[in-house]
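Here is the structure we will look at.
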Amino acid sequence: MLDWLIGAVCAGLIAVLAYKKQWLSGSGAYAAGIMGTIYYGAGNLLWFGLLILFFISGSLLSKMKGERKRKLEQDYAKTSRRDAGQVFANGGLGMILCLGHAWIPHPAWIYAFVGVMATVTADTWATEWGSLSRKPPRSVLNGRILEAGASGGVSVRGTVAAAIGALMIGLAAWAFSLWSGVSIESSSVGAKDGILTIGLLPLVGLVGGLAGCFADSFLGATVQVMYQCEVCGKVVETRVHCNRPTSYLRGWRWMSNDIVNGLSSIIGGVVALIFLWV
């Protein structure tokens, strides 16, 4: 019970601060408070710490050259002020894994979680840092030049940022595991010698995070719904642009940016487990 109370207080304070800093909208603050409480109450410092590290690092990066990014946000669904949909898209799967681990403790939950959080961090870092590149991104499918911030685009700067963010999550998972005394050992998850140690976590984060990040770009370039502005002709992710409704252009109509983020997180977690088994 005490863990739930600590989680509620800490998550509530962080959510209020994030709202005042305009990192979260009202709905985003409520969602973050609920999510943070569950992460700490059902989990421990490992789960809660990775969530906060992702959120704070991504929010700080989003404020770099804010004016330029605000112009990009007019075209694309991702914004620096996250709403409830974005909060759950980035942290909802991790919350499910946390609850699963609390119900049936097993190291596979933790490795999948590290892959998931590494993915959302890598994607956020790639977007925020990569959008500041002087060179425009290129399509992950055909190498065609795209506008900065466009879904499906990749760049050298963005890829490096993704790798650093993913590795940071892996290293933090390793540190939090030692700090909180989490034991990650099992003979049932397919490791060569039957034992998985926390020393593998940095590599798990790097591999899972990069895989999920590139999956996000691929989904964004192929099936994510995109619209076209009737006024300026730009290809955008939003239903309204230049104060006018946009028209459907391509992709699956239900495949929003939030759903793409959720699916790429699943891929990152699965790849993290496959990496360990292989």
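To the nearest 0.05, what FRET efficiency results for Cys242 and Leu2 with a Förster distance of 41 Å applied to their C-beta separation?
Working: r = 53 Å, r/R0 = 1.29.
After rounding, the FRET efficiency stands at 0.20.
How many Lys pairs in the chain lie less than 19 angstrom apart by Cα atoms, where the lysines are 8 or more positions apart or on different chains?
Number of lysine pairs found: 15.
At a 1.4 Å probe radius, which order do Trp129, Trp277, Trp179 fall into by accessible area, largest first? Working shown, then result.
Numbers: Trp129 70, Trp277 135, Trp179 185 Å².
Largest accessible area first, the residues go Trp179, Trp277, Trp129.
I need the calculated FRET efficiency for the pair Leu17 and Ile104, taking r as the beta carbon distance and R₀ as 35 Å, to the nearest 0.05.
Values: r = 34 Å, r/R0 = 0.98.
Calculated value: 0.55.
Once Rh is set to the Kirkwood radius over Cα pairs, what Stokes-Einstein translational diffusion coefficient, in µm²/s, holds for region 82-140 at a temperature of 4 °C and a viscosity of 1.567 mPa s? It would help to have the intermediate numbers written out before the result.
Working: Rh = 13.2 Å.
Roughly 98 µm²/s, to the nearest whole number.
Give, as a single signed number, the net charge of other residues whose beta carbon lies under 15 Å from the beta carbon of Ala31, with Lys and Arg counted +1 and Asp and Glu -1. It would help to have the intermediate numbers written out before the result.
Working: positive: Arg81, Arg82; negative: Asp83, Asp258.
Within the 15 Å Cβ shell, the charges total 0.
Could you please put Val223, Val207 in sequence from largest to smallest accessible area, using a 1.4 Å probe? List each step's numbers first, then the result.
Working: Val223 20, Val207 50 Å².
Largest to smallest exposure gives the sequence Val207, Val223.
Quick one: Karplus J couplings for region 173-179, per residue in order, coefficients 6.51, -1.76, 1.60, θ = phi - 60°, nearest Hz, x for Gly and Pro?
Result, rounded to whole Hz: 4, 4, 5, 5, 5, 5, 5.
Less than 12 Å Cβ to Cβ from Pro137, Lys/Arg counted +1 and Asp/Glu -1: what total charge do the surrounding residues give?
Taking every other residue near Pro137 into account, the sum is +4.
Any chance you could run the full-extension gain for Ile164 through Trp252? It's 0.36 nm times the residue separation minus the Cα-Cα distance, nm to one decimal. Working shown, then result.
Details: separation 88, 0.36 × 88 = 31.68 nm, distance 3.15 nm.
Result for the pair: 28.5 nm of gain on full extension.
One-quarter of the Cα convex hull surface for the chain, in nm²?
Projected over every direction and averaged, the Cα hull of the chain covers 14.5 nm².
At a threshold of 8 angstrom on Cα-Cα distance, excluding pairs fewer than six apart, so keeping six or more, what relative contact order does the chain reach in percent?
Numbers: 518 pairs, mean separation 55.7, N = 278.
Dividing the mean separation by the residue count of the chain yields 20 percent.
Can you work out the Karplus-derived ³J(HN,Hα) for every residue in region 16-28? Use 6.51 cos²θ - 1.76 cosθ + 1.60 with θ = phi - 60°, whole Hz, and x for glycine or proline.
5, 4, 5, 5, 5, 7, 6, 7, 10, 7, x, 5, x
Under the rule of -39500 (n - 2.57) per DSSP H run of 4 or more residues, summed and divided by the residues of the chain, what mean residue ellipticity at 222 nm is obtained, to the nearest 500 deg cm²/dmol?
Mean residue ellipticity at 222 nm (helix-derived): -21500 deg cm²/dmol.
Could you list which residues have their amide H under 5 Å from that of Arg250, counting only those 5 or more apart in sequence or on another chain, with H placed in the peptide plane?
Those lying under 5 Å, H to H, from Arg250 are Met226.
The values are calculated or read from the model by the stated rules, or taken from the named source; none is laboratory data. None of these values were measured; they are calculated from a predicted model. Heads up, the Cβs are rebuilt from the backbone with ideal geometry, glycines too, and the neighbour counts pull from every protein chain shown. SASA here: full protein model, heavy atoms, side chains in, ligands and nucleic acids out. Shrake-Rupley method; radii C 1.70, N 1.55, O 1.52, S 1.80 Å.
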